[in-house]
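To start, the structure under review is shown below, and the notes come after it.
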Amino acid sequence: MRDRSGFSLPVTVVVLAILYVYLSTVFIFIERWFGLMSSPGVFNAIVFTFIALMCVFTYSVSVFTDPGRVPATYSPDIEDPDNPIHEIKRKGGDLRYCQKCSQYKPPRAHHCRVCKRCVLRMDHHCIWINNCVGHANYKVFFIFVVYAVIACIYSLVLLVGSLTIDPPKDELQSGDSFRTAYIISGLLLIPLCVALGVLLVP
């Protein structure tokens, strides 16, 4: 696996997007709709903060968890009567062998050109986590996507709801800054809901 301790632009973009959506949702949408000092405001802020924290936690685990590497000593046991079936190449019928790693590949293991090694049960390489999605981090990645979809939909509901409230007079003077925040949030949330929702479709 490549060194993931360095700077990654896609990961930075995701972190900034999560931070922006959280701050906009709590301090603009919830504040304008309910008021942060009201019971509904406190409740929604607590719930959304929990969802956001779970997004950050599961995202971090997805980024820093090794997806699973093929053991250097792995070799298919073609004589094992309890495991008589082995995945074979589509052409030639030979056992799967990685020329780049110089070792046999278990079923569903694939070589990642970005990570430069074979990954167990590799699903895909995701640039947004700067890591492969594989055997060891597939579950936490899926949970992250679920929390992210919930957060985006929740934020969109709060965004639309806050637009139904007439702003106080003192906010009318700073209307342009609020309008910009709403536009940016909408441009973030709607595509994210669609893109992440597609990942949940079986």
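Brief remarks on what is shown
- R0 of 45 Å, Cβ-Cβ distance GLU31-VAL114: FRET efficiency to nearest 0.05: 0.60
- When THR180, THR164, THR73 are compared by accessible area at a 1.4 angstrom probe, the order from most to least is THR73, THR164, THR180.
- Spacing of the modelled spin labels on VAL15 and VAL194, each 7 Å from Cα toward Cβ, amounts to 2.9 nm.
The values are calculated or read from the model by the stated rules, or taken from the named source; none is laboratory data. Keep in mind it's a predicted model, so treat the numbers as computed, not measured. Neighbour counts run over all protein chains shown; Cβ positions are idealised from the backbone, glycine included. Surface areas here come from the heavy atoms of the whole protein model, side chains and all, with no ligands, DNA or RNA. Shrake-Rupley method; radii C 1.70, N 1.55, O 1.52, S 1.80 Å.
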